[in-house]
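In what follows, a structure is listed as structure tokens, so that the remarks can point back to it.
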């Protein structure tokens, strides 16, 4: 639009689509919500040092009493959000972006003009596409590539942060492998033996086979129970094999009754043995009497 000399910067922007890119529609995907020109009158964002990254308003949550703007990049990753409360808003007030973990170092500032035109828009959540609400390239300020802070955290030493020139050194059996730009500048940490870094790992002899059966490609040997065999693990490193078909037919009470009867039977055998000895002794006495001589002396 033609430049109007009598208007200041924000007033001029309230009459045009800035800071959205020229030619954008500013309409939601469903076509029900249209972003008013008077809502955002200035904007700036520093989110990354990659100059090819593009950003846009991806979602608007219109609650009538407040409004939330969500900013994403051209890969649909959420950069951050900003919330405007109607009750506390004043014209051309600045609001600052709350970044997400994907863009933890991002900083952004919205200058919000008037909220009056929102009264003509429906309430609810509305999605936008990159082509409809992309920001002008000049509003995206590439940041200097760098790391503001590195925080180290583990269960033994707790957490501590370092700034400035931080060196991460490999000690025991670690090595760093750098992957280039095509892999998003990743550094891989690998572990292993024989790396020439002070110590070797303690090795043990694993189970290589069971009765000649070797494991699969994942190092696993499967034990399959069939019919009456059940295989369970009640604790680490332990397998229990259970015969589910042949269970004891007698319990403790039955065994106790059987033991009592066996004890009684044993007592009767002892009594029978005593009776046998008495009968045998009497038999011997009888035989001695019968065989004795009965002749009278002359």
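Laid out as a table, the results:
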{"read-out": "Selected residue (only one of 49, 44, 38 is surrounded by 14 or more Cβ atoms within 10 Å (Cβ to Cβ) and assigned to a loop (DSSP other than H, G, I, E, B))", "value": "38"}
{"read-out": "Positions within region 132-154 being modelled with pLDDT under 80 and assigned to a loop (DSSP other than H, G, I, E, B), in sequence order", "value": "144, 145, 146, 147, 148, 149"}
{"read-out": "Pair list, Cβ under 7 Å, 6 or more apart: region 239-254 residue farther than 25 Å from residue 221 by Cα, other residue surrounded by 10 or more Cβ atoms within 10 Å (Cβ to Cβ) and at pLDDT below 80", "value": "none"}
{"read-out": "Qualifying residue in region 61-75 (condition: exposed (fewer than 14 other Cβ atoms within 10 Å of the Cβ) and touching a helix residue (DSSP H, G or I) at 6+ places or on another chain (Cβ under 7 Å))", "value": "yes"}
{"read-out": "Selection within region 90-105 - surrounded by fewer than 16 Cβ atoms within 10 Å (Cβ to Cβ) and touching a residue at least 12 places away in the same chain (Cβ under 8 Å)", "value": "91, 93, 94, 96, 98, 102, 105"}
{"read-out": "Tabulated pairs, region 6-20, first farther than 11 Å from residue 40 by Cα, second at pLDDT below 90, C-beta under 8 angstrom, 6+ apart or interchain", "value": "12/3; 12/4"}
{"read-out": "Test result for residue 190, more than 30 Å from residue 243 (Cα to Cα), outside the structural domain of residue 48 (by TED's automatic domain parsing), at pLDDT 80 or above and not in a helix (DSSP H, G or I)", "value": "yes"}
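Yes/no matrix, rows are residues, columns are (1) within 30 Å of residue 63 (Cα to Cα); (2) in contact (Cβ under 8 Å) with a residue 24 or more places away in the chain:
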residue: 107; (1), (2): yes, yes
residue: 113; (1), (2): yes, yes
residue: 117; (1), (2): yes, yes
residue: 128; (1), (2): yes, yes
residue: 136; (1), (2): yes, yes
residue: 157; (1), (2): no, no
residue: 170; (1), (2): no, yes
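The values are calculated or read from the model by the stated rules, or taken from the named source; none is laboratory data. The structure displayed is predicted, hence computed values, not measured ones. Here the Cβ is made from the backbone with ideal geometry for all residues, glycine too, and neighbour counts use every protein chain on show.
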